[in-house]
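Undergrad: This structure is in structure tokens; I'll ask about it shortly.
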Amino acid sequence: MAYMHIGKDFVPPDVNGKVTGRIKYAEDYTREGMVYARLLTSPIPHARVVNIDATEALAMDGVFGLLTADDVYPDGEPQSTGLKVLTNEPTLVGEPILALAAIDEKTAETAISKISVTFERLPFVLDPLDSLAEGGPDAYNGGNTYVFRQGFATEKWSADQVASFRAGNEPTAEPQQTFAYGDLDAALASSAFVYESAFTTAGYPHQSMEPRSAMAYWENGKLYLHGTSQSLSALADGMASIVGVPQEDFVFINEATGGGFGQRARANSIPSMAIPAKMSQKINRPVMMRVTRDEETAIGGARQGFQGWIKCGFKADGTMAAADLYIISDNGGKGGGGDAYSAADCISILYQTEAVRFRGTSIGSNTGHRGAQRGPGQNQIAAIIAPILDKAAQELGIDRLKIREINTPTNGDVGGAQRTPFTSAYMPEALKMGAEQFNLAERITRSRQRNGSKVTGIGIGQGYHNAGRSGMDGIVRLTADGRLKVHNGVGNLGTYSYASTSRAAAEVLQMPWEHVDVVTGRTDRHLPITSPQDGSNSIFTNTRTNYGAAQDLLAKMKEITAMELGGDASDYDFGDERVFKSADKSVGMSFAQIAQKGIELGGKFTGESDLPEELNDFTKISVTRLAGESLMGIYHDAPHNNNPPGFTVTFTEIEMDVETGKYDIIDMVTIGDCGTVVHPQGLKNQLVGGAVWGIGLAGYERHLYDPQNGLPASTGYWQSKIPTMMDTPSKIRTGWVDLPDPENPVGARGIGEPAMGAVAASLASAISDSLDGHLFNSAPVTADMIINHVAGVTSDAIPLAQNNFRG
Amino acid sequence: MNLNLTRRRFIKGVIASGAAATTTGVWVAANGASRPAGAVERMIRININGQVRTVDVAPQETLASTLRYKLGLTGTKLGCNRGECGACTVLVDDVSTYACSVLTHSVKNGRVETVEGLEAADGTLHPVQQAFVEELSPQCGYCTPGQIMAAVGLLRENPSPTREEARMGLSGNICRCGSYDSYLDGVMRAAQIG
Ligand code: FES
Ligand code: FES
């Protein structure tokens, strides 16, 4: 289908600001009379605050006030997991205890040094299995786990059960969570090759580049909060209730966000922004709270680590008959995350496994706050399962691409725990395209070839994430000058989807992009509610809403023209920014004339009446405030049922130096299946960015804690070992299938998360290939692990250790 | 950039000024209003983006702090404030330098260039900026000013780098969005636009 905007590159409105430094992030703002808040954070991993004596600090010149958990939660802290704004019950090092505001940061810091906080130390635990063992310490005050809607609970295994698991055996204890389908025993019995092993994947911090600094002030009873967010309106919706201010009186300002990766999608993952808001309310001054890298590392989120056991059965023809998983997922210091369930779900979808059983239990540790991180669950397991697939291919004498083709999801398939049908699935096409572009047939002949200390490894990986939501709203407006305003609440995360999804509206109206304004950046510009910009959903979700709103606008435009020029709306067509009689193109009105007439008519044309009944409350406030100004298209997107998958496949060649355990990525080809491509440059960025994240997951990233005191050893970029330019290939080749999804009006689905999973899988597969098919059953696989393996040295780290090696 | 050199210069400078530098206390050291014992000139003149600016600088103040908080040049970003990421990269006498890790006093006789100084008076973008727009190099954009300044520094020294040389030249700049490939595409295009 020939589109005017879809599938075409364009210059997103904010790029100029990014290359000139003019675009503003939260910390770039100042305000007359602004003072500075600094945090006192917990120096110990698990404690209870017994007393805070701030007398001396508050008596200092230039100190304006103190904010504690008692101020934020006068009725007591909520007894649930999740980060609090401030807490008297810290469960991780770096958790904010109090904030103090002063004339400048030095004064604030000096005053904080004069505050005496008495902590009661509580037992802490770093490794979930240590907590799971009978008699082991619990990370939380009410236990070591949290059961949804039930509260804190305690899960304990016998010492023997834990030891048996660490020794690589199937756990026998009752899990918290399960799903299963198919006849697992029969599937295993029918398998010609069965692989069984314990495995571990590391937790590691998000390390978004912009620390979560925020600035707030109150004016005329309204709160203005400059913050950082992946999802402008969805986050604002939740943030208002965290601060305790009615939505109508809350303005969230967020022109640009320096990365989020899952931990700035929803208000409850970034409650620290409420600190300057509350402080400002208390001391009646604008308050800036700058957050340091250490603080960002502590509260900025971390991926859940897995301590797991997997058993996979493959039939002689390569079909994956069975997958049985038992995963202990590390809930960290504040709980959160459903990664383990998603991991099992992902295997079921990616490999169309005939029988799957998932058993999982989440256990806390007094380590970083956990929450969704790019492909939460799907991407950890992608790195574990790919080498297993290779092993099965080798044992069964099947080509490594072939075994993936045999098991691939495709159109008409169902997948996952709920056996949900796909909206569409073009993984076979992606595999074919990738293999051709990579020239797999020729390259595979180099697999495991040795040249001095260098060995070639070839890897193939696949990634999946469900990529599209519904039930959201759209607002578009045509102003009296004939310009189209697309109100977009997606948030400016760096995907440019706030702009690219707006192009669906321009597409409907066939309007040149120069005549379109994307209205975003702050909630007092009156935005519709959108889904949080996470889970690779924005392209699917918000092209649906913007398309629908533009169609509503178009229908109204035709109706107005018919009222003016006679006949029925169905007698009219449109083009070149005019609505005209289908029978006589010369009879018509320009978009500007129609807008002017619509404003005159008012009522349903300008958002003053007849709003869609299901419109979300957040959107209703925006529509009400915009009503009467312009001709409006308003839309509520009815929920859809099926699963719009995002799929990626990646092919990688590495050259492993078996003397150093270091490898060079010689070539990488990564192909997306995300329906119709909306914005090629944006898609390419998601694919290459996801690749860098995948390289980090499979090869480098982890966080470590000192086992004696529970102090974090990884408090910044370097120690967490996020990939630099030197760890990644200087060119990553990208491509896409570009076939439309029928449940999206422009055919689009998301891609951000599987783009990472496929690369992690492919690199893990290549590393294994370069080492004669050795399976580490671990992510990351680091240079020391490789050298130890090559040297035949058994690591003396504790098996399945999480958050530290203790070797 | 010689990271070791700039770190060493920074540490020497801090010792000379008598200020404390800790990883967690960097904001404080950078913004301190009070003056440690020992006379250090406070009102200094520095050449920033071709203009000589007079600014009141505390002895232990970093260049990033002066630029952002005294001069309002917020294009220079702080990702770590301790020499790990390159978000604060500026040019000092054409050499790309972590502005969070040099003291303002140490560059007072130098020529400082920030991202704000690249655009021509008529709004024409610098070739690196233009190339980064055309290649859509930035994602979230937070590391972008640093990447741009590192690229400008590289291209002054080596106007026609190979992709590998460009990779080396920008390797001191982390991009958590992982947009490295697109930044390198941008540098190579900038070298062509020249
Ligand atoms: S802010 Fe200067 S190197 Fe990170
Ligand atoms: S573009 Fe986001 S950190 Fe580089």
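Undergrad: Inside region B:99-117, can you point out the residues that are more than 16 Å from ligand 2 (Cβ to nearest atom) and crowded, with 24+ Cβ neighbours inside 10 Å?
TA: Initial filter on region B:99-117 (more than 16 Å from ligand 2 (Cβ to nearest atom)): B:99, B:101-114, B:116-117.
The answer is B:A99, B:S101, B:V102, B:L103, B:T104, B:V112, B:T114.
Undergrad: Looking at the structure I just gave you, is A:L775 part of a helix (DSSP H, G or I) and either surrounded by 16 or more Cβ atoms within 10 Å (Cβ to Cβ) or in the same structural domain as A:G690 (by TED's automatic domain parsing) (or both)? Explain how you work it out, then say what you get.
TA: Details: part of a helix (DSSP H, G or I): no; either surrounded by 16 or more Cβ atoms within 10 Å (Cβ to Cβ) or in the same structural domain as A:G690 (by TED's automatic domain parsing) (or both): yes.
Criteria not met by A:L775.
Undergrad: Ok, one more. Name every residue in region B:160-178 that is within 19 Å of the chain's Cα centre (by Cα), away from ligand 1 (no atom under 16 Å from the Cβ) and buried (at least 23 other Cβ atoms within 10 Å of the Cβ), in order of residue number.
TA: Of everything in region B:160-178, just one residue is within 19 Å of the chain's Cα centre (by Cα), away from ligand 1 (no atom under 16 Å from the Cβ) and buried (at least 23 other Cβ atoms within 10 Å of the Cβ), namely B:A166.
Undergrad: Moving to a separate point now. Residue check, A:A797 against (1) part of a loop (DSSP other than H, G, I, E, B); (2) open to solvent by less than 10 Å² (accessible area, probe 1.4 Å), all met but one. Which one?
TA: (2)
Undergrad: (1) open to solvent by 10 Å² or more (accessible area, probe 1.4 Å); (2) more than 13 Å from ligand 1 (Cβ to nearest atom): which one isn't true of B:S96, the others all being true?
TA: In the conditions (1) open to solvent by 10 Å² or more (accessible area, probe 1.4 Å); (2) more than 13 Å from ligand 1 (Cβ to nearest atom), B:S96 misses (2) alone.
For every residue, the table says whether it meets (1) of a type in the set (V, I, T); (2) open to solvent by 20 Å² or more (accessible area, probe 1.4 Å); (3) within 16 Å of ligand 2 (Cβ to nearest atom); (4) within 33 Å of the chain's Cα centre (by Cα).
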position: A:N169; (1), (2), (3), (4): no, yes, no, yes
position: A:P175; (1), (2), (3), (4): no, yes, no, yes
position: A:G182; (1), (2), (3), (4): no, yes, no, yes
position: A:A187; (1), (2), (3), (4): no, no, no, no
position: A:V194; (1), (2), (3), (4): yes, yes, no, no
position: A:T201; (1), (2), (3), (4): yes, no, no, yes
position: A:P205; (1), (2), (3), (4): no, no, yes, yes
position: A:E210; (1), (2), (3), (4): no, no, yes, yes
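Undergrad: Name the pairs: first residue in region A:615-630 and over 17 Å from A:K604 (Cβ atoms), second residue open to solvent by 40 Å² or more (accessible area, probe 1.4 Å) and acidic (D, E), Cβ to Cβ under 7 Å, at least 6 apart or on different chains?
TA: Filtered contacts from region A:615-630: A:F618/A:D237; A:I621/A:E248.
Undergrad: Return the pairs, sorted by first residue and then second, in which the second residue is surrounded by 23 or more Cβ atoms within 10 Å (Cβ to Cβ) and among the basic types (K, R), the first residue lies in region A:376-396 and is modelled with pLDDT of 95 or more, the beta carbons are less than 8 Å apart, and the residues are 6+ apart or on different chains.
TA: Matching pairs, first to second residue: A:P376/A:R303; A:Q380/A:R303; A:L389/A:R404.
Residues are listed down the side, and each one gets a yes or a no for (1) open to solvent by less than 10 Å² (accessible area, probe 1.4 Å); (2) in a helix (DSSP H, G or I):
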| site | (1), (2) |
| --- | --- |
| A:M288 | yes, no |
| A:D294 | no, yes |
| A:C312 | yes, no |
| A:S342 | no, yes |
| A:A382 | yes, yes |
| A:D390 | no, yes |
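Undergrad: Could I ask something else about it? Residue under question is A:A583, and the condition is that it be among the small types (G, A, S), part of a loop (DSSP other than H, G, I, E, B) and over 25 Å from the mean Cα position of the chain (by Cα); does it hold? Steps first, please.
TA: Numbers: among the small types (G, A, S): yes; part of a loop (DSSP other than H, G, I, E, B): yes; over 25 Å from the mean Cα position of the chain (by Cα): yes.
Criteria met by A:A583.
Undergrad: If you scan region A:413-430, which residues turn out to be in contact with a Pro (Cβ under 8 Å, 6 or more places away or on another chain) and either of a type in the set (G, A, S) or closer than 8 Å to A:D673 by Cα (or both)?
TA: The answer is A:G415, A:S424, A:A425, A:M427.
Undergrad: Now for a separate question. I'd like the residue in region A:103-117 that is open to solvent by 30 Å² or more (accessible area, probe 1.4 Å) and part of a helix (DSSP H, G or I) and, out of all such residues, is farthest from the other protein chains (Cβ to nearest Cβ).
TA: Restricting to residues being open to solvent by 30 Å² or more (accessible area, probe 1.4 Å) and part of a helix (DSSP H, G or I), the top hit is A:S113.
Undergrad: Please find, among A:Y224, A:Y217, the residue that is more than 16 Å from ligand 2 (Cβ to nearest atom), away from every other protein chain (no Cβ under 14 Å) and open to solvent by 30 Å² or more (accessible area, probe 1.4 Å). Let's see the steps before the verdict.
TA: Numbers: A:Y217 fails: open to solvent by 30 Å² or more (accessible area, probe 1.4 Å).
Going through A:Y224, A:Y217 in turn, just one is more than 16 Å from ligand 2 (Cβ to nearest atom), away from every other protein chain (no Cβ under 14 Å) and open to solvent by 30 Å² or more (accessible area, probe 1.4 Å): A:Y224.
Undergrad: Might you check whether a residue that is surrounded by 24 or more Cβ atoms within 10 Å (Cβ to Cβ), more than 8 Å from every other protein chain (Cβ to nearest Cβ) and assigned to a loop (DSSP other than H, G, I, E, B) occurs anywhere in region A:679-689?
TA: There is at least one residue in region A:679-689 that is surrounded by 24 or more Cβ atoms within 10 Å (Cβ to Cβ), more than 8 Å from every other protein chain (Cβ to nearest Cβ) and assigned to a loop (DSSP other than H, G, I, E, B).
Undergrad: Scan region A:737-754 and give yes if some residue there is part of a helix (DSSP H, G or I) and within 12 Å of chain B (Cβ to nearest Cβ), otherwise no. Can you show your working first?
TA: Residues of region A:737-754 part of a helix (DSSP H, G or I): A:754.
Adding the requirement that they be within 12 Å of chain B (Cβ to nearest Cβ) leaves none.
No, because not a single residue in region A:737-754 is part of a helix (DSSP H, G or I) and within 12 Å of chain B (Cβ to nearest Cβ).
Undergrad: Go through region A:637-678 and give me each residue that's closer than 21 Å to A:F540 by Cα, assigned to a strand (DSSP E or B) and touching an Asp or Glu at 6+ places or on another chain (Cβ under 6 Å).
TA: A:F647, A:G675
Undergrad: When the residues of region B:77-87 are narrowed to those that are within 15 Å of ligand 2 (Cβ to nearest atom) and more than 7 Å from chain A (Cβ to nearest Cβ), which ends up farthest from A:E296 (Cα to Cα)? Don't jump to the end; show me each part of the working.
TA: Our first condition is that a residue be within 15 Å of ligand 2 (Cβ to nearest atom); within region B:77-87, this holds for B:77-80, B:84-87.
Filter once more, so that each one left must be more than 7 Å from chain A (Cβ to nearest Cβ): B:77-78, B:86.
Numbers: B:K77: 15, B:L78: 12, B:G86: 17 Å.
Ranking the qualifying residues of region B:77-87, first place goes to B:G86.
Undergrad: For B:E157, all conditions in the list (1) open to solvent by 10 Å² or more (accessible area, probe 1.4 Å); (2) of a type in the set (D, E); (3) over 18 Å from the mean Cα position of the chain (by Cα) hold save one; what is the number of the exception?
TA: (3)
Undergrad: Picking from A:G710, A:G675, which residue would you name as being more than 14 Å from chain B (Cβ to nearest Cβ), in contact with a strand residue (DSSP E or B) (Cβ under 8 Å, 6 or more places away or on another chain) and farther than 17 Å from A:P780 by Cβ?
TA: Numbers: A:G710 fails: in contact with a strand residue (DSSP E or B) (Cβ under 8 Å, 6 or more places away or on another chain).
Within the list A:G710, A:G675, the selection yields A:G675.
Undergrad: Only one residue in B:A150, B:A190 is more than 16 Å from ligand 1 (Cβ to nearest atom) and more than 7 Å from chain A (Cβ to nearest Cβ), so which one is that? Show your work before the answer.
TA: Working: B:A150 fails: more than 16 Å from ligand 1 (Cβ to nearest atom).
The conditions single out B:A190.
Undergrad: Something else now. Which of (1) more than 16 Å from ligand 2 (Cβ to nearest atom); (2) on the phi < 0 side of the Ramachandran plot; (3) modelled with pLDDT of 95 or more is the odd one out, the single condition A:M726 does not satisfy?
TA: Single failed check for A:M726: (1).
Undergrad: Residues of region B:126-145 being facing chain A (nearest Cβ under 7 Å) and within 14 Å of ligand 2 (Cβ to nearest atom), which ones? If you could, list the steps in order and put the result at the bottom.
TA: So the first thing to find is which residues in region B:126-145 are facing chain A (nearest Cβ under 7 Å), and the list is B:129, B:132-133, B:136, B:138-145.
Correct list: B:F132, B:V133, B:L136, B:P138, B:Q139, B:C140, B:G141, B:Y142, B:C143, B:T144, B:P145.
Undergrad: Among the residues of region A:21-37, is there at least one that is out of contact with any Phe, Trp or Tyr (no Cβ under 6 Å at 6 or more places or on another chain), open to solvent by 20 Å² or more (accessible area, probe 1.4 Å) and outside any loop (DSSP other than H, G, I, E, B)?
TA: Yes - at least one qualifying residue is present in region A:21-37.
Undergrad: Take the residues of region A:235-255 that are surrounded by fewer than 23 Cβ atoms within 10 Å (Cβ to Cβ) and in contact (Cβ under 8 Å) with a residue 40 or more places away in the chain: which is nearest to ligand 1 (Cβ to nearest atom)?
TA: So the residue we want is A:E255.
Undergrad: Going by the structure shown, is A:E655 in contact with a Gly (Cβ under 9 Å, 6 or more places away or on another chain), under 30 Å from A:K432 (Cβ atoms) and open to solvent by 10 Å² or more (accessible area, probe 1.4 Å)?
TA: Details: in contact with a Gly (Cβ under 9 Å, 6 or more places away or on another chain): yes; under 30 Å from A:K432 (Cβ atoms): yes; open to solvent by 10 Å² or more (accessible area, probe 1.4 Å): yes.
When the stated conditions are applied, A:E655 passes them.
Undergrad: Which one of the conditions (1) more than 7 Å from chain A (Cβ to nearest Cβ); (2) within 16 Å of ligand 2 (Cβ to nearest atom); (3) farther than 30 Å from A:M289 by Cα does B:S171 fail to meet, given that it meets all the rest?
TA: (1)
Undergrad: Would you please list the contacts, defined by Cβ atoms under 6 Å and residues six or more apart or on different chains, that run from a residue in region B:78-104 that is modelled with pLDDT under 95 to a residue that is surrounded by fewer than 24 Cβ atoms within 10 Å (Cβ to Cβ)?
TA: none
The values are calculated or read from the model by the stated rules, or taken from the named source; none is laboratory data. None of these values were measured; they are calculated from a predicted model. When we count neighbours, we look across all protein chains shown, and the Cβ atoms used for this are built from the backbone with ideal geometry, even at glycine. To get the accessible areas, we keep the full protein, side chains included, count just its heavy atoms, and leave off ligands, DNA and RNA. Shrake-Rupley method; radii C 1.70, N 1.55, O 1.52, S 1.80 Å.
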